[in-house]
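This report refers to the structure that appears directly beneath it.
The values are calculated or read from the model by the stated rules, or taken from the named source; none is laboratory data. The structure presented is a predicted model; accordingly, all values stated were derived computationally and were not measured. Here the Cβ is made from the backbone with ideal geometry for all residues, glycine too, and neighbour counts use every protein chain on show. In case anyone asks, the SASA skips ligands and DNA or RNA and just uses the protein heavy atoms, side chains included. Shrake-Rupley method; radii C 1.70, N 1.55, O 1.52, S 1.80 Å.
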Amino acid sequence: MPAPTQLFFPLIRNCELSRIYGTACYCHHKHLCCSSPYIPQSRLRYTPHLAYSTFCRPKENWWQYTQGRKYASTPQKFYLTPPQVNSILKANEYSFKVPEFDGKNVSSVLGFDSNQLPANAPIEDRRSAATCLQTRGMLLGVFDGHAGCACSQAVSERLFYYIAVSLLPHETLLEIENAVESGRALLPILQWHKHPNDYFSKEASKLYFNSLRTYWQELIDLNTGESADIDVKEALINAFKRLDNDISLEAQVGDPNSFLNYLVLRVAFSGATACVAHVDGVDLHVANTGDSRAMLGVQEEDGSWSAVTLSNDHNAQNERELERLKLEHPKNEAKSVVKQDRLLGLLMPFRAFGDVKFKWSIDLQKRVIESGPDQLNDNEYTKFIPPNYYTPPYLTAEPEVTYHRLRPQDKFLVLATDGLWETMHRQDVVRIVGEYLTGMHHQQPIAVGGYKVTLGQMHGLLTERRAKMSSVFEDQNAATHLIRHAVGNNEFGTVDHERLSKMLSLPEELARMYRDDITIIVVQFNSHVIGAYQNQE
């Protein structure tokens, strides 16, 4: 979804670029200042080949053009009002509270808040949340797309079905298959919790269903029904791998419908990372593929907050991932498999769905492209072969699964794409959410972090705190509150409305230079239920 700033500030989108430039460079993050004439490579998940990388560069004379325009008056600055800021921040927020049955809440999840803030147009992130109806538990996930949003969209629609089917007992799978055979109504598998903007592809629903049915038929054939216990970790891994395999197979087979044929190819040639949590009682599993993260918020006995990381980034900063990649390919590729901290010098995450450019053989890529629709054949991205491409596949969608047994002090879980973690430290994320959920923020002393603070600045900070105390919180959604801090925090750790306004009023062409798409889900746990589980043992 495009950033909604255009609804409030069409003038910014149409005014001279030099006037925007003069306003935008007030950013606190000087290293991200827009004096750079193009989007830094560090801001791109996928660095395209030079032959077609010019799409992310402005015109070559852009700098000369902005310097050549002269104005007699001081450049006008545009600021969003607080209601306009709130409208942008809250456009994609969603909340769900787990209902209580017979006055007794038997779920370890109280509910969750989620939100998204676009930087790309359209946004490449996706999110999903659903309750498993045939088994216990809730599924929540964030998906970060690259080279377009097609793959992240497909994974957000399909992955939870694959997981739910993987968790079903043999008898239930048989019941579902018999219902399909006889044309009877199917047992509902998932109850989705969706924002109206969370799109589902109706055109591809039959194709997706047929692939899913083939998967559960194979599970029926493999499982004789003798073993009642299902390994959640194994189910998560199998679901991730099977969906990625189906995405690849669908693209190779194609479809007689030209629209669907182009869709499945777009899904396969783009890519997406995924971070998914499955919560069942006190059992929390996190399956991660890529560089989104899961962070647990723990409240210590003294009331302070600590962060427990439940996922590992699959990128060049992870030594184990580097070693895994090198072991999977010949020694003579040791220096080329990862270059400039990217897979084959191009891709930042080392695990992802789709991205068949890093999985298929060169012959298969050429065959599919040549037989595909003209739109695909004309795309320079699809025809480009990565350098040093000798022993594919170089990329996998297999997740790394982490298990955690919930305790009463485990208060919440944050799932977020890397757009959040690039701007905030994990401890700050947990502290801000924890203080928001407990309402303890205003009782903490103001920390200035070694900065020299004038009496005027301190007065301003105290005035801001008093205003917040009188109005409680302007955010009713924990994910929105976190995004407000991620985009608007100043050097004192408080939200600066002027900075927040400037960042949100950047046009789409400049927003990507400052930050990535941000998608957040904050899951709040029920400490009483979790404590009751412990007491029963």
What ³J(HN,Hα) values, in whole Hz, does the Karplus curve 6.51 cos²θ - 1.76 cosθ + 1.60 give for region 85-98 when θ = phi - 60°, with x put for Gly and Pro?
4, 5, 4, 5, 5, 9, 4, 10, 7, 8, 9, 9, 10, 5
Go through region 347-352 residue by residue and turn each phi into a ³J(HN,Hα) via Karplus (6.51, -1.76, 1.60, θ = phi - 60°); whole Hz please, and just put x for glycine and proline.
10, 6, x, 9, 9, 5
Evaluate the relative contact order of region 164-243 (contact order divided by residue number), counting alpha-carbon pairs under 8 angstrom at least 6 apart; express in whole percent.
55 percent
In whole Hz and in residue order, list the ³J(HN,Hα) couplings for region 233-246 that follow from phi through the Karplus curve 6.51 cos²θ - 1.76 cosθ + 1.60, θ = phi - 60°; x for Gly and Pro.
4, 5, 4, 5, 4, 4, 5, 4, 5, 5, 4, 5, 5, 5
Please compute the per residue accessible area over region 82-535 with all protein chains in place, 1.4 Å probe, rounded to a whole number of Å².
43 Å²
If you roll a 1.4 angstrom probe over the protein chains with everything in place, what fraction of the accessible area of region 73-199 belongs to carbon and sulfur, to the nearest %?
54 percent
Go ahead and run the numbers for FRET between LYS241 and GLU509, Cβ-Cβ distance against an R0 of 35 Å, rounding to 0.05.
0.35
Heavy-atom accessible area with a 1.4 angstrom probe orders CYS149, CYS275, most exposed first, as CYS149, CYS275
Once the piece of chain linking ASN318 and GLU422 is laid out straight, how much longer is it, given 0.36 nm per residue of separation minus the C-alpha distance between them?
35.9 nm
Built amide H within the under 5 Å cut-off of LEU190, gap 5+:
LEU133
What's the magnitude of the charge dipole for region 82-535 around its Cα centre, counting Lys and Arg as +1 and Asp and Glu as -1 at the beta-carbon? Answer in Debye, nearest 20.
760 debye
Inter-part gap, Cα centre of region 149-205 to Cα centre of region 266-323, in whole angstrom, is 24 Å
Built amide H within the under 5 Å cut-off of LEU344, gap 5+:
VAL338, LYS339
In µm²/s, what is D for region 138-190 at 4 °C and 1.567 mPa s, where D = kT/(6 pi eta Rh) by Stokes-Einstein and Rh is the Kirkwood radius from Cα pairs?
100 µm²/s
Once normalised by the length of region 82-535, the mean sequence separation of its alpha carbon contacts under 8 Å that are 6 or more apart gives a contact order in percent of 24 percent
Along Cα→Cβ, 7 Å out, is where each label goes; now give me the distance between the ones at SER258 and TRP192 in nm to one decimal.
2.8 nm
Expected output is a single nm value to one decimal: the length gained when fully extending between VAL180 and LYS90, i.e. 0.36 nm times separation in residues minus the C-alpha distance. What is it?
28.3 nm
From the Cα trace of region 484-524, what convex hull volume per residue do you get, rounded to a whole Å³?
84 Å³
Amide H of ARG351: which non-local residues (sequence gap of 5 or more, or other chain) have their own amide H closer than 5 Å, using H built in the peptide plane?
GLY290
Heavy atoms only, probe 1.4 Å: what % of the accessible area of region 327-396 goes to carbon and sulfur, would you let me know?
48 percent
With the charge dipole of region 82-535 built from beta-carbon charges (+1 for Lys and Arg, -1 for Asp and Glu) about the Cα centre, the Cα from ILE432, VAL401, ALA307 projecting farthest to the positive end belongs to ILE432
Entries of LYS90/LYS194; LYS331/LYS357; LYS202/LYS357; LYS206/LYS359; LYS97/LYS194; LYS90/LYS502 with Cα pairs more than 20 Å apart:
LYS331/LYS357; LYS202/LYS357; LYS206/LYS359
